[in-house]
Amino acid sequence: MSGKIYVVATPIGNLGDLTPRIRRAFEEADFIAAEDTRVSVKLLNHFGIKKPLVSYYEHNLKQKGDYIISRVLAGETCAVCSDAGTPCISDPGEILVKQAHRAGIQLVPIPGPSAVITALCVSGQDTGRFCFEGFLSTVKKQRLEHLNGLKEEKRTMIFYEAPHKLLNTLRDFETFFGRERPMTIARELTKLHEEIKLTTVGRALEYYSANPPKGEFVLVLSGRPEVQRQTQSLEEVAQSCLDLAKRENLSLSDAAKQVCAKTPFGKSEVYKAAMKLKEERRQ
C-alpha cells in the first residue's frame, strides 16, 4: 500500500505562524522534501523535529522527483515544503504534485502562510478578482512579453520580486502601466521590518531610486481601470470646444483637438459640430 504526500505550508518570516497541524504533519512524515534543506533544517530544529531531509529544487526535479515518488509508492509518507510559504506556488513542488497525481498517490494539503494572500489582504487594492504572476523572467525578451500580455488586465496583479531587481521591474511597470497606476508594495511580510506602502508606480520608482531596496518584496498592482462611459453628447462636446477656444484664445481647430482626446469623437467631428453650433448662434 502506498503512502501519501503532505503539502505543507511554512512561515514566511514569523515562526509564530506555524500551526499545530503543520507541526504534526512534519512529525508524522517519514522524510521531508525541501527546496533548500539548509533553510528547512533551521525551522525543524527550532521546533525540535528530527527527520531525514531530501533536497528537491529546480535543478534536480527529475532525479529526486522519481526518488521521492518511489519511496511513497513503497509505503512511506513524505512532507514537501518550500523555503517559506505555501509550496507549489512559484515553486518546484508543483512538478512533484503533478507526478504524484499521475502515480495515484494521495495528496494532503496542510494550509498555512502564503505571501500572495497575505500581501493582497492588506494591499488596499481590489481583492474580488486577482491573478498571481510570480517572478518576472530575468531574460528581457520574456519579461517584456509577459508584461505586454498584461497591459489590458483588469484584475489586481501580484508579483514577487527580489531587491536587486526591483528598480528594473518598476521601470518596466512605468512603461507598460504608466506612472499613475496604483500599487502596494509589501516588504518583509511578518518579519521585524515589515512594511506595507500604498503608492503609485511613479512614486515607488522615485522612492526606491533614492532608497536602495532591501528585503523580499510582494508587488500588488491595480488592474487597468474601466473606461468611463461617455455621458456627453456631441453637442455638449462641441460646446466645450467653443468654451475652451474662447477661454484660452485658441483656434477652433486646436480646441477641437484637445477636447476630442477625452471623448470617443474625432477631431473633425467635434470641429464640424462646433462650427455648426457657432453658426446657429449667429442667426
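Would you confirm whether or not segment 180-194 contains a residue that is under 23 Å from Glu226 (Cβ atoms), in the same structural domain as Leu144 (by TED's automatic domain parsing) and without any contact (Cβ under 8 Å) to a residue 40 or more places away in the chain?
Within segment 180-194, the first condition is being under 23 Å from Glu226 (Cβ atoms), and the residues that meet it are 180-184.
Now narrow it down to the ones that are in the same structural domain as Leu144 (by TED's automatic domain parsing): 180-184.
In the following step, the residues that additionally are without any contact (Cβ under 8 Å) to a residue 40 or more places away in the chain were identified as 180.
Yes, the conditions are met somewhere in segment 180-194.
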task: For segment 74-93, state whether one or more residues are in contact (Cβ under 8 Å) with a residue 24 or more places away in the chain, surrounded by fewer than 13 Cβ atoms within 10 Å (Cβ to Cβ) and polar (S, T, N, Q).
output: no
message: Out of the residues in segment 26-45 meeting the condition of being among the aliphatic types (A, V, I, L, M) and buried (at least 23 other Cβ atoms within 10 Å of the Cβ), tell me which one is nearest to Arg187 (Cα to Cα).
response: Ala34
- prompt: How do the pairs read when you match residues in segment 262-278 that are farther than 16 Å from Ser251 by Cα with residues anywhere that are in a helix (DSSP H, G or I) and β-branched (Val, Ile, Thr), using Cβ under 7 Å and keeping only pairs 6 or more apart or on different chains?
  reply: Thr263/Val237; Phe265/Val237
field: Any hit, segment 131-148, residues being touching a helix residue (DSSP H, G or I) at 6+ places or on another chain (Cβ under 6 Å), within 16 Å of Phe217 (Cα to Cα) and part of a loop (DSSP other than H, G, I, E, B)
entry: yes
message: Within segment 120-129, does at least one residue satisfy the condition of being part of a helix (DSSP H, G or I) and either assigned by TED's automatic domain parsing to the domain that holds Thr190 or at pLDDT below 95 (or both)?
response: yes
query: Does Val270 fit the bill of being part of a helix (DSSP H, G or I), β-branched (Val, Ile, Thr) and either modelled with pLDDT under 90 or outside the structural domain of Phe135 (by TED's automatic domain parsing) (or both)?
result: yes
- prompt: Looking only at segment 106-119, which residues are closer than 19 Å to Lys51 by Cβ and surrounded by 19 or more Cβ atoms within 10 Å (Cβ to Cβ)?
  reply: Ile110, Gly112
message: For segment 34-76, give me each residue that is over 16 Å from Gln99 (Cβ atoms) and part of a helix (DSSP H, G or I).
response: Thr37, Arg38, Val39, Ser40, Val41, Lys42, Leu43, Leu44, Asn45, His46, His59
- request: Kindly list the number of the only condition in (1) within 29 Å of Asn14 (Cα to Cα); (2) of a type in the set (Ser, Thr, Tyr); (3) part of a helix (DSSP H, G or I) that fails for Thr175.
  value: (1)
query: Is there a residue being among the basic types (Lys, Arg) and either on the phi > 0 side of the Ramachandran plot or not assigned by TED's automatic domain parsing to the domain that holds Ser123 (or both) anywhere in segment 228-244?
result: yes
- request: Report the residue count in segment 183-204 for those that are within 26 Å of Arg155 (Cα to Cα), surrounded by fewer than 19 Cβ atoms within 10 Å (Cβ to Cβ) and out of contact with any Pro (no Cβ under 9 Å at 6 or more places or on another chain).
  value: 7
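The values are calculated or read from the model by the stated rules, or taken from the named source; none is laboratory data. All figures in this text were calculated on a predicted structure; none of them were measured in a lab. Counting neighbours? That spans all protein chains shown, and the Cβs are built from the backbone with ideal geometry, glycine included.
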